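J.: There's a structure below that I have some questions on.
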Amino acid sequence: MNTVILKFGGTSVADNIKLNVVAKKIISLKNKAKNVVVVVSAQGKTTNQLIKEAQELSAIPEEREMDMLLSTGEQITASKLSILLNRKGYPAVSLTGWQAGIKTNSIHTSAKIEQIYTKRIEQELEKGNIVVVTGFQGLNEEQDITTLGRGGSDTTAVALQVALKADKCYIFSDVDGIYSADPNMITMAKRLDEISFDEMQEVADSGAKVLHDRCIQMGKKFDCDIIAKSTFSDEGGTKICQQIESSEVKSIVKNENLIAIEIENQQFYDIYQCLLENNILVEAFQKREKVIEFRIKKSEYNKVIELLDSNYPTCQVKQKDLMKLSVVGYGIIQDNQVLNQVIKILKKYKIEILEVNLTLAKIEILVKEINNEIVKILHEQLIK
Ligand code: ADP
Ligand code: ASP
Ligand code: MG
């Protein structure tokens, strides 16, 4: 193997003991591959903690400053890991996103990678160094630090795979692959050996945080397989790749990070534009009689309320929590069998359905609330 990318997430690098496990894994792969590029996340819950501390200072901190702050988490991990690898006799150098040549657009807190100038990484690899790159960050045209959105280190890893034409990209985490449901919620969930880019995209878009949604788009676009594996075991793994056809349910996702906003207002275009211009991800924007209704992520709620308060101070805003259940599998909507089974189970357990949406690889059901026991029953009935 010539070049491999290894990405380690927050739980995998949470403390010195775990960093030692990670270093061991890197060394064993360095003995097999000529060039090793490692991408790291911030340790444990560092990013959450930094957000909390910033919000204690200001309810809605400036996004530029948040990027400056949050990018520090990854720097700590990269330098610690390099110190450890060097001590173990494996020369390593840490690089920030900007030192690694990662150029992004200017959308602070959810920037997109536009270009990677790989010269510096290549020079370091040429010298025989293991290159440890901070995930989740880059630099925009104004030379300001940007971040790629929560969970974005996965996207750094796949972007480097593409830019360096690496042979393999491993995403290591606390689970040994992609499962038929979140294994921390449904204990009998099954690990999948393979899942297609399209299906994985639906799993990620539905809110399973196991992989960042944009890394899958990139893998698909450049036809680069991604391998999800565990940091703490050599067994298992799931390959995310192109697949020809299949028509079974692969995974079930429950998403609680959703909120519906209802505004007594008729300014459809103005309000929609205001949200879009402020980079709010809006789902299902619609006008009904005297109200406008749309859905957003709970995590964007404060920002949306602040926007509405300052731009439309007189309008009445109501909100309600929602949940979304997604049943993912390419081709499962081509007959009504799976949908029928889902509806039967939800009816039996008196779950009020608010909306059903279908895509080529997903059945998505919006509900007020659904508990994990019912998700477990759905899993039992739908996953072969
Ligand atoms: P990292 O910190 O390494 O980036 P994440 O916490 O982002 O890891 O992703 C791993 C977590 O994703 C697991 O601990 C698991 O609870 C969750 N998860 C959700 N859905 C799935 C799924 N279908 N398969 C595997 N893990 C899942
Ligand atoms: N540290 C960032 C986050 O927690 C990025 C990542 O972990 O991928 O969202
Ligand atoms: Mg992650």
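The values are calculated or read from the model by the stated rules, or taken from the named source; none is laboratory data. Just so it is clear, the structure is predicted and the values come from calculations on it, not from any experiment. Cβ: placed from backbone, ideal geometry, glycine included. Neighbour counts: every protein chain shown.
J.: Out of (1) out of contact with any Ser or Thr (no Cβ under 8 Å at 6 or more places or on another chain); (2) surrounded by fewer than 16 Cβ atoms within 10 Å (Cβ to Cβ); (3) assigned to a loop (DSSP other than H, G, I, E, B), the odd one out for W98 is which?
T.: (2)
J.: Also, quick follow-up: Any residue at all in segment 9-16 that is of a type in the set (D, E) and assigned to a helix (DSSP H, G or I)? Don't jump to the end; show me each part of the working.
T.: We begin by selecting, within segment 9-16, every residue of a type in the set (D, E); these are 15.
Now restrict to residues that are assigned to a helix (DSSP H, G or I): none.
No, that holds for no residue.
J.: Looking at segment 179-201, which of the residues that are touching a residue at least 24 places away in the same chain (Cβ under 8 Å) and among the hydroxyl-bearing types (S, T, Y) is nearest to ligand 1 (Cβ to nearest atom)?
T.: Per the criteria, the residue is Y179.
J.: Among (1) under 17 Å from the mean Cα position of the chain (by Cα); (2) away from ligand 2 (no atom under 16 Å from the Cβ), which single condition is D167 missing?
T.: Unmet condition: (1).
J.: Separate question: I'd like to know if segment 256-269 contains one or more residues that are within 16 Å of ligand 3 (Cβ to nearest atom) and in contact with a Leu (Cβ under 9 Å, 6 or more places away or on another chain). Lay out the reasoning, then the answer.
T.: Narrowing segment 256-269 to residues within 16 Å of ligand 3 (Cβ to nearest atom): 257.
Of the ones still in play, those that are also in contact with a Leu (Cβ under 9 Å, 6 or more places away or on another chain) are none.
The answer is no; no qualifying residue exists.
J.: Scan segment 148-205 for residues that are in contact with a Cys (Cβ under 9 Å, 6 or more places away or on another chain), among the aliphatic types (A, V, I, L, M) and surrounded by fewer than 21 Cβ atoms within 10 Å (Cβ to Cβ) and jot them down.
T.: Answer for segment 148-205, where residues must be in contact with a Cys (Cβ under 9 Å, 6 or more places away or on another chain), among the aliphatic types (A, V, I, L, M) and surrounded by fewer than 21 Cβ atoms within 10 Å (Cβ to Cβ): just V162.
J.: Looking at the structure I just gave you, is I226 at pLDDT 95 or above and touching a His at 6+ places or on another chain (Cβ under 9 Å)? Walk me through it before giving the result.
T.: Values: at pLDDT 95 or above: yes; touching a His at 6+ places or on another chain (Cβ under 9 Å): no.
No.
J.: Among the residues of segment 163-188, write down those that are part of a loop (DSSP other than H, G, I, E, B), away from ligand 3 (no atom under 16 Å from the Cβ) and within 29 Å of G97 (Cβ to Cβ).
T.: Hits for segment 163-188 are L164, K165, A166, D167.
J.: Using beta carbons and a limit of 6 Å, which pairs, at least six apart or on different chains, have the first residue in segment 162-178 and free of Cβ contacts under 8 Å to residues at least 60 places away in the same chain and closer than 12 Å to G219 by Cα and the second one more than 14 Å from ligand 3 (Cβ to nearest atom) and in a strand (DSSP E or B)?
T.: A163/I116
J.: Mind listing just one residue for me: the one in segment 46-89 that is assigned to a helix (DSSP H, G or I) and of a type in the set (S, T, Y) and, of those, nearest to S106 (Cα to Cα)? Walk me through it before giving the result.
T.: To start, the set of residues in segment 46-89 that are assigned to a helix (DSSP H, G or I) comprises 46-57, 63-87.
Cutting the leftovers down to of a type in the set (S, T, Y) gives us 46-47, 71-72, 77, 79, 82.
Details: T46: 24, T47: 20, S71: 15, T72: 18, T77: 25, S79: 26, S82: 29 Å.
Here the answer is S71.
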